[in-house]
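Please find one structure pasted underneath; my questions will follow.
The values are calculated or read from the model by the stated rules, or taken from the named source; none is laboratory data. Nothing here was measured: the structure is a model prediction, and the numbers come from that model. Cβ placement follows ideal geometry from the backbone for every residue including glycine, while neighbour counts extend to all protein chains displayed. With ligands, DNA and RNA removed, areas are computed over all heavy atoms of the protein, side chains included. Shrake-Rupley method; radii C 1.70, N 1.55, O 1.52, S 1.80 Å.
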Amino acid sequence: SSLTTTLLSTVRWQIPGGSAMTIEGGLTLQNGAFLDSALRASSELRMGDFAISAQFLRAGRDFTGDRRDEQGIAIFQTFSTTNFSVWLSFERTHNNVTNDPLRQTLTRQDARAHVSLKLSEILPTVRLSTVYSTLVGTGPLPPTDLSRFSFTTEAIQPIGTLGDISVFTEQARLTNAIAGTETGFGTVGSEFSITLTPLRASVSLEHRSEVDLLSGILLSQSLVTAAGVELLQRPFGIRFSWTRFPDRLDMSAALQARLGVATLFFSGLIEFLNSGTQEFSFTLAIAFQFGAPIPFIAVKGRAEGFVFIDANSNNQRDPDETGPKDLILVLGNEKARTDERGFFRFPPMEPGTYELKIEKLPPGIIVKTGFPHQVRIVAGQTLKLEIPLAQVAVIEGVVFHDENRNGQRDPSEQGLGFVRVFLTDAAGKTRDQRTDSEGRFAFSELLPGKYTIALDVRTLPKDFSPTTPAEVTVELRAQERITVHFGAAERPKTVKFPPVADFTFSPERPKVGETVRFDASESFDPDGYITQYEWDFESDGTIDAYGVQVEHIFSQGGTFTVTLTVTDNDGERGTARKTVIVGARLRDPPQ
């Protein structure tokens with residue numbers, strides 16, 4: 001047995017003006033001996049509206065961490081004003097940092113540019129972006145050479161304070177240099193949303209197409225439409241959505257109601273498949289909460305009150321304003337928990353001055369007043385408190401074990417802990433975090449704008465792969481909370497059959513110095529295709545020739561075992577051996 005330990009250290013220099021430099025290092029030890037290391041250095045320079053950052057990473061193959069066997073560099077540059085912003089980024093990474101010739105090396109490059117221009121408060125906001133990425137694989141496996149270029153345009157027109165309408169288009173080209181293919185992808189769509197408190201509705205339409213650019217053949221096209229409506233009227237909340245895909249129609253509804261001490265929640269989904277079948281799933285839950293008053297003791301005092309979301313920002317609690325449930329407040333050594341209204345009550349306490357604080361706020365909520373602050377308890381009196389909170393934008397979600405691989409989280413499906421999730425804003429700035437033991441993650445205190453949430457598939461459990469899209473882009477509005485779920489499941493086990501090697505040769509009784517033709521055309525792969533043919537004519541373990549049909553001249557007579565080894569597209573190998581008897585050289589005819 002062996003003990004593997006990883007030691008990590010971080011040094012950060014903060015420079016006045018917002019600039020900073022960070023160096024992170026790590027060592028992996030096995031039984032106390034050095035095994036491998038990792039280093040990440042990053043710097044950020046800010047000068048007014050301009051910012052530039054760079055990062056270098058190198059982690060060894062035996063380093064125990066989430067970025068093992070990887071090295072690369074990334075550069076980000078942004079310029080942003082009130083109505084105009086532009087950002088550029090370049091990133092290059094590859095694995096196999098030791099350049100082991102027996103391992104596959106994958107090199108990734110990604111270059112992005114984005115421009116956003118807000119013409120005025122009443123004119124549309126125009127956004128342009130382009131992405132060029134490549135993936136090159138070299139090594140013992142079949143090579144990879146992919147490149148993708150895309151260009152996206154979007155115009156967002158506000159409709160007063162009620163909502164907005166957006167029109168967008170994306171054109172992309174995917175080139176496979178190995179297979180010799182070029183495929184074009186086109187998307188054109190529009191989305192309209194409107195908010196009439198407490199009602200919000202949205203409608204979207206997308207047309208997607210795929211074209212073989214070499215032949216001009218249309219490979220596929222589809223139309224995706226969606227509509228949704230949401231009603232938020234305490235104590236009820238109702239949401240309904242409709243999405244039409246080429247192969248199915250999805251209809252979902254959700255209801256939440258708070259009735260005294262009980263909270264009722266219901267959600268349902270119906271899928272109408274084009275084959276004529278339907279699939280239905282639903283969730284129903286009810287929760288109860290009871291409270292019991294604490295007897296008043298005359299020689300002591302107490303504190304109680306409300307923690308509430310100040311929706312209209314008047315710093316006063318209005319009748320319809322409630323607070324987060326199960327929030328823990330601390331006063332001295334005593335604790336109190338809020339109910340569904342945001343009400344809390346501390347047990348009787350000795351007279352005196354205590355510090356009031358909140359143990360942990362939910363993501364996306366901040367205290368508007370100075371906190372913590374001093375509270376004075378007076379004997380025989382009950383101190384009434386009101387603590388206003390403000391909501392900021394939040395993106396939260398769960399990475400879950402999608403056991404039935406249906407892309408939706410069922411009640412019995414557990415979360416996946418310690419999975420890495422990335423958040424990238426419109427300026428290209430990225431941050432990440434790990435899910436907790438229940439698979440949850442949350443990025444809080446976000447400014448309005450477009451964000452991309454991506455799952456780091458390398459941190460999933462072994463042999464797991466995503467069952468939902470691994471990257472989602474959302475438009476976040478002020479005080480909005482968006483939920484994103486990522487599903488993952490173990491990859492289905494597949495049975496791979498090795499190729500069958502076979503060959504013929506002529507002449508069947510060759511002589512020394514005579515050309516012998518070998519033909520492996522009869523070889524085949526039951527579940528794929530053969531990618532490599534290797535010939536060993538001398539029975540010495542050395543590959544003498546490659547190809548389906550080859551020629552060889554034996555320089556001396558004798559009995560030889562000729563070996564053919566074929567490799568298929570799955571890396572499976574097959575071998576065939578045949579004996580070739582080589583006779584003596586023919587004598588030259590007399591002069």
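For every other residue with a beta carbon closer than 10 angstrom to the beta carbon of SER193, add +1 if it is Lys or Arg and -1 if Asp or Glu, then tell me the sum. Numbers along the way, then the final one.
Working: positive: ARG200, ARG477; negative: ASP164, GLU191, GLU475.
Charge balance in the 10 Å sphere: -1.
Now, a different point. As an exercise, use a Förster radius of 41 Å and the Cβ-Cβ distance of GLN30 and SER444 to find the FRET efficiency, rounded to the nearest 0.05.
Values: r = 38 Å, r/R0 = 0.94.
E(calc), rounded to 0.05, equals 0.60.
Compute the signed sum of charges (Lys and Arg +1, Asp and Glu -1) over the other residues within less than 15 Å, Cβ to Cβ, of ILE543.
Values: positive: ARG573, ARG577; negative: GLU534, ASP536, GLU538, ASP540, ASP544.
Cβ neighbours under 15 Å give a net charge of -3.
Arranged from highest to lowest average of other beta-carbon atoms within 10 Å per residue, in what order do the peptides 217-224, 121-128 appear? Walk me through the numbers on the way to the answer.
Numbers: 217-224: 11.9, 121-128: 14.1.
By packing density, highest mean first, the sequence is 121-128, 217-224.
Next question. On the protein heavy atoms, probe 1.4 angstrom, tell me the percent of accessible surface of the chain carried by carbon and sulfur.
On the way: 19210 of 34380 Å².
Accessible surface attributable to carbon and sulfur in the chain totals 56 percent.
So who's got an amide H within less than 5 Å of the one on ALA545, skipping anything under 5 residues away but keeping other chains? H placed 1.01 Å off N, in plane.
TRP535
To the nearest 0.05, what FRET efficiency results for PHE240 and MET47 with a Förster distance of 41 Å applied to their C-beta separation? Don't jump to the answer; show the numbers that get you there.
Values: r = 49 Å, r/R0 = 1.20.
FRET efficiency, PHE240 to MET47: 0.25.
Can you tell me the dipole magnitude for the chain around its Cα centre, using point charges on the Cβ only (Lys, Arg +1; Asp, Glu -1), in Debye to the nearest 20?
Numbers: 58 positive and 72 negative charges, 376 e Å.
Computed about the Cα centre, the dipole is about 1800 debye.
Binning at 10 Å from 0, report for segment 114-185 what percent of all alpha-carbon pair distances ends up in each bin.
17, 32, 21, 16, 10, 3, 0
Using the Cα centre of segment 1-140 as the reference point, and only Cβ charges (+1 on K/R, -1 on D/E), how large is the resulting charge dipole? Debye, rounded to the nearest 20. Don't skip to the end; give the middle numbers.
Numbers: 13 positive and 12 negative charges, 31 e Å.
My answer is approximately 140 debye.
For segment 196-284, max minus min Cα coordinate along each principal axis, in Å, sorted largest first?
Principal extents (Cα only, largest first): 66, 33, 16 Å.
What percentages, rounded to whole numbers, describe P(r) for segment 357-488 computed over all alpha carbon pairs with 5 Å bin width beginning at zero?
2, 9, 17, 18, 14, 12, 9, 6, 5, 4, 2, 1, 0
Given C-alpha coordinates of segment 1-151, what is the ratio Rg to Rh with the Kirkwood estimate of Rh?
When Rh is taken as the Kirkwood radius, the ratio is 1.10.
If you place +1 on the Cβ of every Lys and Arg and -1 on the Cβ of every Asp and Glu, how big does the dipole about the Cα centre of segment 63-115 come out, in debye to the nearest 20?
Numbers: 6 positive and 6 negative charges, 15 e Å.
Dipole magnitude for segment 63-115 comes out near 80 debye.
Using the Kirkwood formula over every pair of different C-alpha atoms, what hydrodynamic radius in Å results for the chain? Display every interim value, and only then the final one.
Details: mean 1/r = 0.0330 Å⁻¹.
That comes to 30.3 Å for the chain.
While we're looking at this one, here's another question. I need two numbers for segment 195-247: Rg to one decimal and Dmax as a whole number, Cα atoms only, in Å.
17.8, 59
Given 0.36 nm per residue, what is the gain on full extension from LEU123 to LEU219 after removing their alpha carbon distance, in nm?
Working: separation 96, 0.36 × 96 = 34.56 nm, distance 3.78 nm.
Computed gain between LEU123 and LEU219 is 30.8 nm.
Using square roots of five times the C-alpha gyration tensor eigenvalues, list the equivalent-ellipsoid semi-axes of segment 19-97 in whole Å, biggest first.
Numbers: eigenvalues 224, 35, 10 Å².
So the three semi-axes of segment 19-97 are 33, 13, 7 Å.
By how many nm would the segment from TYR546 to LYS578 grow when fully extended, if each residue of separation counts as 0.36 nm and the alpha-carbon distance is taken off? All intermediate terms of the calculation are to be shown ahead of the outcome.
Values: separation 32, 0.36 × 32 = 11.52 nm, distance 1.70 nm.
Going from the current span to full extension adds 9.8 nm.
Using each residue's phi in segment 238-244, evaluate 6.51 cos²θ - 1.76 cosθ + 1.60 at θ = phi - 60° and report the 3J(HN,Hα) Karplus result to the nearest Hz, with x for Gly and Pro.
In residue order, the calculated couplings are 10, 9, 9, 9, 9, 9, 10 Hz.
Moving on. Placing +1 on the Cβ of each Lys and Arg and -1 on the Cβ of each Asp and Glu in the chain, which of LEU264, TRP242, SER133 has its Cα farthest towards the positive end of the resulting dipole?
It is LEU264.
Ratio of segment 138-256's C-alpha Rg to 2.2 N^0.38 Å, to two decimals? Don't skip to the end; give the middle numbers.
Working: Rg = 20.1 Å, N = 119, 2.2 N^0.38 = 13.5 Å.
After normalising by residue count via 2.2 N^0.38 Å, the value is 1.49.
Using only Cα atoms, locate the centre of segment 107-160 and the centre of segment 492-533, then give the distance between them in Å, rounded to an integer.
Using only Cα atoms, the two centres lie 46 Å from each other.
Sequence-distant or interchain residues sharing an amide H contact under 5 Å with VAL484, placed H: which?
GLU396, GLY397, VAL398
Pull out the extension gain between ASP519 and ASP212, defined as 0.36 nm times the separation in residues minus the alpha carbon to alpha carbon distance; nm, one decimal.
Values: separation 307, 0.36 × 307 = 110.52 nm, distance 3.50 nm.
Separation in residues times 0.36 nm, less the Cα-Cα distance, equals 107.0 nm.
Another question about this same structure. Bin by bin, in steps of 5 Å, what percent of the Cα pairs in segment 302-363 do you find, going until the bin that has the longest distance?
The percentages, shortest bin first, are 4, 18, 27, 22, 17, 9, 3, 0.
Can you tell me the accessible area per residue over the chain, all protein chains present, probe 1.4 angstrom, in square angstrom? Don't jump to the answer; show the numbers that get you there.
Details: 34380 Å² over 591 residues.
On a per-residue basis, 58 Å².
If we count every other residue with Cβ under 10 angstrom of ARG103's Cβ, Lys/Arg +1 and Asp/Glu -1, where does the sum land? Before the final figure, lay out the partial values.
Details: positive: ARG61; negative: ASP69, ASP100.
Neighbour charge sum, excluding ARG103 itself: -1.
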